[in-house]
Amino acid sequence: MAGKMLACLEHSFQHGKKDSLIKGRDFYDLLWFMQKQVNPLEQKLVKDGRKPYTTRTALLALQEKVASIKKKDLSEDLLPLFESPIFVQLWEDAFHSSFSETMQAYLKIAALGMNGEKMSAFSMLIKTTTHRVEAGISCRSFSQGLHLCSVFSPSNGSLYISSRESTP
């Protein structure tokens, strides 16, 4: 997850002549990791970034960067990856609120100085946080390589579910 955090913070991506400078799939993956309650490797954040980050400073920098992301920046990179543009649209609609809610749980853990050995407390914070989400994104992976993602958009009451099978 630390590598994905660094990619979201430090990689610039320009698709054609468009003005999008982010890679939507990096933010899609990052949110997926966060919802899976993956703990970033602090050593990687310190060693591999353009500047050394702690978990907390990387999270705060990500929070600031996400606040500036526009939906069109995400869709430009995500639309070719999914069969349904509706799924991408609903995911984009829920992205900022889902990221914000999940980020708050991560920041609480970072403030407590918790590490990967204390994930049960982390899990409790995530569950408490996600119950308050009005718009949400949820992804699950199963043992046979099947991935299911659901997106709920309260603005129109839509629930969209997408599935894909990962190749070995």
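Among the candidates L74, L45, L62, the residue that is at pLDDT below 90 and either assigned to a loop (DSSP other than H, G, I, E, B) or surrounded by 13 or more Cβ atoms within 10 Å (Cβ to Cβ) (or both) is uniquely L74. For the stretch 11-30, check the following and say yes or no: at least one residue is among the hydrophobic types (A, V, I, L, M, F, W, C), free of Cβ contacts under 8 Å to residues at least 60 places away in the same chain, under 20 Å from I109 (Cα atoms) and in contact with a helix residue (DSSP H, G or I) (Cβ under 9 Å, 6 or more places away or on another chain). Looking through the stretch 11-30, at least one residue is among the hydrophobic types (A, V, I, L, M, F, W, C), free of Cβ contacts under 8 Å to residues at least 60 places away in the same chain, under 20 Å from I109 (Cα atoms) and in contact with a helix residue (DSSP H, G or I) (Cβ under 9 Å, 6 or more places away or on another chain).
Quick check: anything in the stretch 96-103 of a type in the set (V, I, T), more than 13 Å from M5 (Cα to Cα), touching a helix residue (DSSP H, G or I) at 6+ places or on another chain (Cβ under 6 Å) and touching a residue at least 60 places away in the same chain (Cβ under 8 Å)?
Just the residues of the stretch 96-103 that are of a type in the set (V, I, T), to begin with: 102.
From what's left, more than 13 Å from M5 (Cα to Cα): 102.
Now narrow it down to the ones that are touching a helix residue (DSSP H, G or I) at 6+ places or on another chain (Cβ under 6 Å): 102.
Filter again for touching a residue at least 60 places away in the same chain (Cβ under 8 Å), leaving 102.
Yes, the stretch 96-103 contains a residue that is of a type in the set (V, I, T), more than 13 Å from M5 (Cα to Cα), touching a helix residue (DSSP H, G or I) at 6+ places or on another chain (Cβ under 6 Å) and touching a residue at least 60 places away in the same chain (Cβ under 8 Å).
Any idea which residue in the stretch 48-58 is surrounded by the fewest Cβ atoms within 10 Å (Cβ to Cβ), counting only those that are assigned to a loop (DSSP other than H, G, I, E, B) and either in contact (Cβ under 8 Å) with a residue 24 or more places away in the chain or not basic (K, R) (or both)? The extreme case among them is R50. If the condition is being hydroxyl-bearing (S, T, Y) and either within 16 Å of the chain's Cα centre (by Cα) or surrounded by 20 or more Cβ atoms within 10 Å (Cβ to Cβ) (or both), then the stretch 82-99 contributes S97, S98.
Please go through the stretch 15-36 and pick out each residue that is polar (S, T, N, Q) and either at pLDDT 95 or above or surrounded by fewer than 19 Cβ atoms within 10 Å (Cβ to Cβ) (or both). Hits for the stretch 15-36: nothing passes.
Right, L79: in a helix (DSSP H, G or I) and surrounded by 17 or more Cβ atoms within 10 Å (Cβ to Cβ) or not?
So L79 does not fit the description; no.
Scan the stretch 31-80 for residues that are among the charged types (D, E, K, R) and farther than 20 Å from S12 by Cα and the total you get is 3. Just one of the listed residues (E92, E101) is within 18 Å of K23 (Cα to Cα), modelled with pLDDT of 60 or more and in a helix (DSSP H, G or I), namely E92. Checking the conditions here, which among Q89, Q63 is in contact with a helix residue (DSSP H, G or I) (Cβ under 7 Å, 6 or more places away or on another chain) and not acidic (D, E)? Only one candidate qualifies: Q63.
The values are calculated or read from the model by the stated rules, or taken from the named source; none is laboratory data. Keep in mind that what you see is a predicted model, and the values were worked out from it rather than measured. Glycine also receives a Cβ, built like all others from the backbone with ideal geometry; neighbour counts cover every protein chain displayed.
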